[in-house]
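S.K.: Okay, here's the structure, questions in a sec.
The values are calculated or read from the model by the stated rules, or taken from the named source; none is laboratory data. Bear in mind the structure is a predicted one, so any value in this text is a computation, not a measurement. Backbone-built Cβ (ideal geometry, glycine too); neighbour counts: all protein chains shown. To get the accessible areas, we keep the full protein, side chains included, count just its heavy atoms, and leave off ligands, DNA and RNA. Shrake-Rupley method; radii C 1.70, N 1.55, O 1.52, S 1.80 Å.
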Amino acid sequence: MWQEYKALIFDMDGTLVDSMPLHLAAWQQTALEFGFSCDANWLYELGGVPSRKIAALLAQEQGIELDAEAVARCKTAHYVARIGQARPFPAMVELVKAAYGTHPMAIGTGSMHSNAAIILQQSGLGQYIQTVVAADDVSSHKPAPETFLRAAKLLGVEPQGCLVFEDTQIGLQAARAANMASVLVRDGVPDWSTLSRPHSG
């Protein structure tokens, strides 16, 4: 299925690695410290959105004053303290290994570059995927297409030739906006019935 595309682009958290529970735990700890509430399902659907933007959304939704930068720093610190627990999904590791050497691959993530580097190193995925576009590499984040378009450019492949793997609707929106094929990853396994192809012309 993926073999018909020229390049593969992966979201990281919740797609390649089982790190979303760590992000959610970090948000819950931060919520206790700053006095706001957070819903796990709501937060999960914002996977791929940088923490400071999520903090601004939380303040807006709950009608409270929050220093988005301070909240993001706190959440990131709690996440980094847990980052060693992140484990790659076996099915995704198999796919990456199968594509290595024939298909250029990139990460397109809403995490910071430094955190992505840690995950790629400790998971072993860094030996297969060297191209990373992170939150601090772009100005317009998912659901905007910039993350994936930048990844395609770095890989030297036209957007229509790329297949994106994502675990959230926001990520799939970004792939569609970039005019790339996409597939939803559920519990670490691609659901090929969700495959969406780019429009031609």
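S.K.: From the list 85, 29, which one is farther than 30 Å from residue 179 by Cα, touching a His at 6+ places or on another chain (Cβ under 6 Å) and surrounded by fewer than 22 Cβ atoms within 10 Å (Cβ to Cβ)? Give the steps one after another, and end with the answer.
M.R.: Working: 85 fails: touching a His at 6+ places or on another chain (Cβ under 6 Å).
29 is the lone residue from the list that is farther than 30 Å from residue 179 by Cα, touching a His at 6+ places or on another chain (Cβ under 6 Å) and surrounded by fewer than 22 Cβ atoms within 10 Å (Cβ to Cβ).
S.K.: So which pairs qualify, if the first residue must be in the stretch 147-170 and closer than 19 Å to residue 112 by Cβ, the second must be in a helix (DSSP H, G or I) and open to solvent by 30 Å² or more (accessible area, probe 1.4 Å), the Cβ gap must be under 6 Å, and the two must be at least 6 apart or on different chains?
M.R.: 168/45
S.K.: In the stretch 167-195, which residue that is within 15 Å of residue 96 (Cβ to Cβ) and part of a strand (DSSP E or B) is most open to solvent (accessible area, probe 1.4 Å)?
M.R.: Top of the filtered list is 189.
S.K.: Turning to a different aspect of this structure: If you check residue 200 against the conditions, is it part of a helix (DSSP H, G or I) and either free of Cβ contacts under 8 Å to residues at least 40 places away in the same chain or open to solvent by 20 Å² or more (accessible area, probe 1.4 Å) (or both)? Even if it seems obvious, please write down each step before you answer.
M.R.: On the way: part of a helix (DSSP H, G or I): no; either free of Cβ contacts under 8 Å to residues at least 40 places away in the same chain or open to solvent by 20 Å² or more (accessible area, probe 1.4 Å) (or both): yes.
Criteria not met by residue 200.
S.K.: To continue, here is another question. Is one or more of the residues making up the stretch 90-110 within 25 Å of residue 2 (Cα to Cα), surrounded by fewer than 18 Cβ atoms within 10 Å (Cβ to Cβ), out of contact with any Asp or Glu (no Cβ under 7 Å at 6 or more places or on another chain) and basic (Lys, Arg)?
M.R.: Keep residues of the stretch 90-110 that are within 25 Å of residue 2 (Cα to Cα), which gives 90-110.
Retained after the next criterion (residues that are surrounded by fewer than 18 Cβ atoms within 10 Å (Cβ to Cβ)): 90-91, 94, 97-98, 100-102.
Remaining after also requiring out of contact with any Asp or Glu (no Cβ under 7 Å at 6 or more places or on another chain): 90-91, 94, 97-98, 100-102.
With the extra rule that they be basic (Lys, Arg), the set shrinks to 97.
Scanning the stretch 90-110, I find at least one residue that is within 25 Å of residue 2 (Cα to Cα), surrounded by fewer than 18 Cβ atoms within 10 Å (Cβ to Cβ), out of contact with any Asp or Glu (no Cβ under 7 Å at 6 or more places or on another chain) and basic (Lys, Arg), so the answer is yes.
S.K.: Let me ask something else about it. Which one of 65, 94 is without any contact (Cβ under 8 Å) to a residue 40 or more places away in the chain, outside any loop (DSSP other than H, G, I, E, B) and of a type in the set (Asp, Glu)?
M.R.: Values: 65 fails: outside any loop (DSSP other than H, G, I, E, B).
Of the residues listed, the single one that is without any contact (Cβ under 8 Å) to a residue 40 or more places away in the chain, outside any loop (DSSP other than H, G, I, E, B) and of a type in the set (Asp, Glu) is 94.
S.K.: Of the conditions (1) buried (at least 17 other Cβ atoms within 10 Å of the Cβ); (2) of a type in the set (Phe, Trp, Tyr); (3) without any contact (Cβ under 8 Å) to a residue 12 or more places away in the chain, residue 42 fails just one. Which one is it?
M.R.: With respect to (1) buried (at least 17 other Cβ atoms within 10 Å of the Cβ); (2) of a type in the set (Phe, Trp, Tyr); (3) without any contact (Cβ under 8 Å) to a residue 12 or more places away in the chain, residue 42 is out only on (1).
S.K.: Which ones in the stretch 1-23 are open to solvent by 30 Å² or more (accessible area, probe 1.4 Å) and either closer than 23 Å to residue 88 by Cα or under 14 Å from the mean Cα position of the chain (by Cα) (or both)? Give the derivation first.
M.R.: Kept after step one, since they are open to solvent by 30 Å² or more (accessible area, probe 1.4 Å), are these residues of the stretch 1-23: 1-4, 6, 18, 21.
If the condition is that a residue be open to solvent by 30 Å² or more (accessible area, probe 1.4 Å) and either closer than 23 Å to residue 88 by Cα or under 14 Å from the mean Cα position of the chain (by Cα) (or both), then 1, 2, 3, 18, 21 are the ones that fit.
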